[in-house]
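Trainee: Sending over a structure as structure tokens; questions will come in a sec.
The values are calculated or read from the model by the stated rules, or taken from the named source; none is laboratory data. The shown structure was predicted, so the numbers you read here are calculated from the model rather than taken from an experiment. Cβ atoms come from the backbone with ideal geometry, glycine included; neighbour counts cover every protein chain shown. SASA here: full protein model, heavy atoms, side chains in, ligands and nucleic acids out. Shrake-Rupley method; radii C 1.70, N 1.55, O 1.52, S 1.80 Å.
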Amino acid sequence: MKHTIKCMLTALTLLLAANVHAEQDPYNCLTINQDFNHIIQAKKHGLYREAMQSSSAQYQFDQTLAFSEYLNISKALIEARNPHAQRPCPISTAVTQVQQRVPHAQVVSDLIAPFELRQPNNHKAILLIHGLTDSPYLFHDLAGYFYQQGFNVRTILLPGHGTAPADLANIKMTQWQQSARYAIERTIADFEQVYLGGFSTGGALIFDHLMHQAQVSDKIKGLLMWSPASQAKSEQAWLAKYIAAIPFVTWLDKDADVDFAKYESFSFNAGAQVYSLMNRIEEKQFNTLNRHDIPLLLIASEVDQTIETRASLKLAKFWYQNPDRRSQKQDKVIYYGQRDKAQPLLDTQQALVIPSCKQTSLCAQVKEIAHTSPTNSPSNPHYGVDGVYRNCGHYLSKPDLYQACKTQEQVNVGETTADNIQAFSPIKRLTFNPYYPHMLASIGEFIQ
């Protein structure tokens, strides 16, 4: 009882603080992306880069904490620290529909807070963990699908996320690990059948949690990994921890941060922490890691410009070749690329699926699949085909192309490889999956 009262008081304190800092500008979460002058002002002056409170956010993950209490505290923390928190956000998603929310009554904190979709008298659940700089909004489309399949659906908010980019400047990898451990163990305690799903850093946290344990619960029935963080694409990623240690050197990228659902500015420390996490599951650590008899579905893009997909395939092979497994036949890799690039990195018996693309299909209009795209439906109101948000951070050092990417009526869309930027500029980074229906069908087979 004392613990519950303490949690309620903490949440109330944070909510009161949030009201003091309520938004005063006229934009909602969509229209803010349509005023280029405001975007430039935000980019130049860092209007949304710093959190609203001077003190750092504190996270505690007690395994006795009920998940409902965790959700309340997390949302109150967002409302106290996020400069966008009270901005109107009148969009409808699969999650808001299940929650029976009225779109025009929503604010940003409603869309980016961790959530739970409960099924009556059902003991099957999936826990979804987002990636670096993201928020639980990343799973609003997939959560609706899993709910339709009869799952209880849970998401969490990794420490340093959902508030302001500056909160990642001092975060530690261990805080993410504590968060993942709480969510995984709490979900195992609450349900009889559990699936774990992670995007990018979320996937790395799940692998890290499982592979550093000799034994895990047999309640875990499957892993779903979207572009798991296995190795950084950039060969200079190792430098981040040294640069982050330099006083007053904080930012690798300074963008406008008008994307309500994730950060656009990126700190050196954020890169350093995820680099340390990936080192714990990289290939040279394989002889120290544990594998378990749990089916794995991996979804990855050949040209991913954030994560080195070759490392992810090697990780999937390592997991597959556990000699003590009985569930290898359930493993599957969905690969957005060429078969001859993926097959040599996998076991010869490992199921590899390469989706086909007709010239009249949405995929034909896309210049390859980006790291930022696999979890989102083309109909996503923010990141989808008709969404107003444009990911143009790859042009931060080129003002003319940044403006063209943000404002030109028609722009190309795809992954921001050097070749694509050269051939198709201006190009916005893809934020939806043109193969989404195919992916859902594959997921449906996997979870059955």
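Trainee: Of the residues in region 280-291, how many are assigned to a helix (DSSP H, G or I) and open to solvent by less than 50 Å² (accessible area, probe 1.4 Å)?
Mentor: Final tally of qualifying residues: 1.
Trainee: On to the next question. Among the residues of region 379-416 satisfying the criterion of being open to solvent by less than 30 Å² (accessible area, probe 1.4 Å) and closer than 19 Å to Pro136 by Cα, which is nearest to the chain's Cα centre (by Cα)?
Mentor: Among them, the one singled out is Tyr383.
Trainee: Continuing with this model, one more query. Identify all residues within region 428-448 that are out of contact with any Phe, Trp or Tyr (no Cβ under 7 Å at 6 or more places or on another chain), of a type outside the set (Asp, Glu) and over 15 Å from Tyr383 (Cα atoms); write none if there are none.
Mentor: Across region 428-448, the qualifying residues are Pro437, His438, Met439, Ala441, Ser442, Ile443, Gly444, Phe446, Gln448.
Trainee: Name every residue in region 292-323 that is surrounded by 24 or more Cβ atoms within 10 Å (Cβ to Cβ) and assigned to a loop (DSSP other than H, G, I, E, B), in order of residue number.
Mentor: Asp304 - this is the single residue of region 292-323 that is surrounded by 24 or more Cβ atoms within 10 Å (Cβ to Cβ) and assigned to a loop (DSSP other than H, G, I, E, B).
Trainee: Closer than 20 Å to Ser301 by Cβ, at pLDDT 95 or above and open to solvent by 50 Å² or more (accessible area, probe 1.4 Å): is that true of Glu235 in this structure?
Mentor: The answer is no for Glu235.
Trainee: When you look at Thr31, is it within 30 Å of Phe191 (Cβ to Cβ), among the β-branched types (Val, Ile, Thr) and at pLDDT 65 or above, yes or no?
Mentor: no
Trainee: Also: Can you tell me which residue is surrounded by the fewest Cβ atoms within 10 Å (Cβ to Cβ) among those in region 123-142 that are under 19 Å from Gly444 (Cβ atoms) and out of contact with any strand residue (DSSP E or B) (no Cβ under 6 Å at 6 or more places or on another chain)?
Mentor: Asp141
Trainee: If Ile369 meets every condition in (1) surrounded by fewer than 21 Cβ atoms within 10 Å (Cβ to Cβ); (2) in a loop (DSSP other than H, G, I, E, B); (3) aliphatic (A, V, I, L, M) apart from one, which number is that one?
Mentor: So Ile369 meets the others, but not (1).
Trainee: Here is a follow-up. Among the numbered conditions (1) open to solvent by less than 50 Å² (accessible area, probe 1.4 Å); (2) modelled with pLDDT of 95 or more; (3) in a loop (DSSP other than H, G, I, E, B), tell me where Val333 comes up short.
Mentor: (3)
Trainee: Same structure, new question: Please find, among Gln215, Gln177, the residue that is polar (S, T, N, Q) and in a loop (DSSP other than H, G, I, E, B).
Mentor: When all the criteria are applied, what remains is Gln215.
Trainee: Now for a separate question. Between residues in region 114-137 that are of a type in the set (Gly, Ala, Ser) and residues that are in a loop (DSSP other than H, G, I, E, B) and open to solvent by 40 Å² or more (accessible area, probe 1.4 Å), which pairs lie under 9 Å by C-beta distance while being six or more apart or on different chains?
Mentor: Close Cβ pairs satisfying both conditions: Ala125/Glu192; Gly131/Lys262; Gly131/Thr306; Ser135/Lys262.
Trainee: Pick from region 173-190 the residues that are within 18 Å of Phe207 (Cα to Cα) and of a type in the set (D, E, K, R): which of them is least open to solvent (accessible area, probe 1.4 Å)?
Mentor: Arg186
Trainee: Need pairs with beta-carbon distance below 7 Å; first residue more than 18 Å from Phe424 (Cβ to Cβ) and within region 350-379, second open to solvent by less than 50 Å² (accessible area, probe 1.4 Å) and of a type in the set (Asp, Glu); sequence gap 6+ or separate chains.
Mentor: Gln350/Asp331; Ala351/Asp331; Thr375/Asp141; Asn376/Asp141; Ser377/Asp141
Trainee: Return the residues of region 221-232 that are open to solvent by 10 Å² or more (accessible area, probe 1.4 Å) and either without any contact (Cβ under 8 Å) to a residue 60 or more places away in the chain or outside any loop (DSSP other than H, G, I, E, B) (or both); say none if nothing qualifies.
Mentor: Lys221, Ala232
Trainee: Being of a type in the set (A, V, I, L, M, F, W, C), touching a Pro at 6+ places or on another chain (Cβ under 7 Å) and within 11 Å of His130 (Cα to Cα) is the filter; apply it to region 143-166 and report the residue that is surrounded by the most Cβ atoms within 10 Å (Cβ to Cβ).
Mentor: Within region 143-166, the match that is surrounded by the most Cβ atoms within 10 Å (Cβ to Cβ) is Ile156.
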